[in-house]
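Reading through the structure tokens given below for one structure.
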Amino acid sequence: MESQILYRVQREDLPQLKELLTESFANDPLYQNLIPDEETRKRLLPELFECDLSEFFDTCEIFADSRELNGILVVSDEAEPYNPFHYYLTELKAQLKTDEYLIKEDMSLKTLLNFFLGRDYLNSRWTDQLHQENRLHLIYLAVRPSMQHHGISALLIGEAIRYADEHKMMISLETHNEKNVSLYQHFGFKLYGVVERPPFHLKQYCMVKEI
């Protein structure tokens, strides 16, 4: 994906974006289910997002609303060629680092078990059913809570839609917050399906915007 409007994130921006994601997802249903203990969640989220951002910087594209970094959009362009060895090596490295954090912060291994049982919530394998490689997948869309309702979400998602429309691409995403469904529907997304896996009382809303 390319944009003349959004700021392309640099590696030195990642620490600030880690804080943004930690703040934005502190009360997200996904992490409340996977890490039910609040104190453990406070310790873990910054480490998990640091790991995620390092992986995404190497394998995806990260944009922000501006150099002030009040909003973030992480995009995987499924139409772009990639090196499978590099991709899976990076993914494996990130997974091992994540497991290390989970064990360190919860020696009872309950959190590690939750992440294993909830793995379907943590990946985008449902998109295999779409059989569409000419597609953008929106991994993260987040806005700093203090800067919400300033049009930043609309700016970020609008640029993704503009690029997809120009290149005749589908867009896919998932959200674990039911309140976000109507937001995405406002931008033309439709609900494709809902993932729900025991033992969690949690739904993953899978959404697409057709070509």
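The values are calculated or read from the model by the stated rules, or taken from the named source; none is laboratory data. Predicted, not measured: the structure shown is a model, and the values here were computed from it. Cβ: placed from backbone, ideal geometry, glycine included. Neighbour counts: every protein chain shown. Areas reflect the complete protein model, heavy atoms only, side chains present, ligands, DNA and RNA absent. Shrake-Rupley method; radii C 1.70, N 1.55, O 1.52, S 1.80 Å.
Taking a ≥ b ≥ c as the square roots of the Cα gyration tensor eigenvalues, with a/c under 1.5 meaning rounded and otherwise prolate when a/b beats b/c, else oblate, which class fits the chain? All intermediate terms of the calculation are to be shown ahead of the outcome.
Values: a/c = 1.40, a/b = 1.32, b/c = 1.06.
Rounded, since a/c falls under 1.5.
Determine the shape class of the range 92-154: with a ≥ b ≥ c the square roots of the Cα gyration tensor eigenvalues, call it rounded for a/c under 1.5, and otherwise prolate if a/b is greater than b/c, oblate otherwise. Oblate, because a/c is 1.5 or more while a/b does not exceed b/c.
Between rounded, prolate and oblate, where does the range 43-131 land on the alpha carbon gyration tensor, with a ≥ b ≥ c its root eigenvalues, rounded for a/c under 1.5, else prolate if a/b exceeds b/c? Note, shape of the range 43-131 comes out oblate. Within straight-line reach of LYS203, meaning a Cα separation under 14 Å, sit the following aspartates and glutamates at least 8 residues removed in sequence or on another chain: ASP28, ASP120, GLU174, GLU178. Here the contact order of the chain, divided by its residue count and restricted to Cα pairs under 8 Å and six or more residues apart, works out to 24 percent. Once the Cβ-Cβ distance of HIS149 and GLN32 is raised to the sixth power relative to R0 = 25 Å, the FRET efficiency obtained is 0.60.
Stretching GLU91 away from ILE211 to a fully extended chain increases their span by 40.3 nm, per 0.36 nm per residue minus the current alpha-carbon distance. Mind checking the angle between helix 14-24 and the chain's longest principal axis? C-alpha axes, 0 to 90 degrees, to the nearest 10. The angle comes out near 80 degrees. Expressed in units of 2.2 N^0.38 Å, where N is the residue count, the Cα radius of gyration of the range 161-211 is 1.26.
If the reach is capped at under 18 angstrom between alpha carbons, list the lysines near LYS97, excluding any in the same chain fewer than eight residues apart. Within reach: LYS18, LYS42, LYS110.
Computing the accessible area with a 1.4 Å probe over protein heavy atoms, can you report the carbon and sulfur percentage for the chain? Mind showing how you got there, number by number?
On the way: 5900 of 11670 Å².
Of the solvent-accessible surface of the chain, carbon and sulfur hold 51 percent.
Using the Cβ-Cβ distance between ILE5 and SER108 with R0 set to 35 Å, the FRET efficiency from 1/(1 + (r/R0)^6) comes to roughly 0.15.
In vacuum, with every alpha carbon of the range 93-211 counted as one equal point scatterer, what does the Debye formula give for log10 I(q)/I(0) at q = 0.12 Å⁻¹? Two decimals, please. The calculated log intensity ratios at q = 0.12 Å⁻¹ are -0.55.
Relative to the dominant Cα principal axis of the chain, helix 84-105 is inclined by about 40°. Counting only Cβ charges, +1 for Lys and Arg and -1 for Asp and Glu, the dipole size of the range 99-211 around its Cα centre is about 220 debye. Treating each Cα of the range 4-93 as an identical point scatterer and ignoring solvent, apply the Debye formula and state log10 I(q)/I(0) at q = 0.14 Å⁻¹. Ignoring solvent entirely, the Cα scatterers give -0.57.
Here LYS209 is the anchor, and the lysines within straight C-alpha reach of less than 25 Å, apart from those fewer than 8 places off in the same chain, are LYS168, LYS179, LYS190.
Accessible surface area normalised per residue over the chain is 55 Å², counting heavy atoms of protein chains with a 1.4 Å rolling probe. Under 5 Å from the amide H of TYR192 lie the amide H atoms of CYS206, MET207, VAL208, each residue being 5 or more positions distant or on a separate chain, with H modelled from the backbone and absent for Pro and chain starts.
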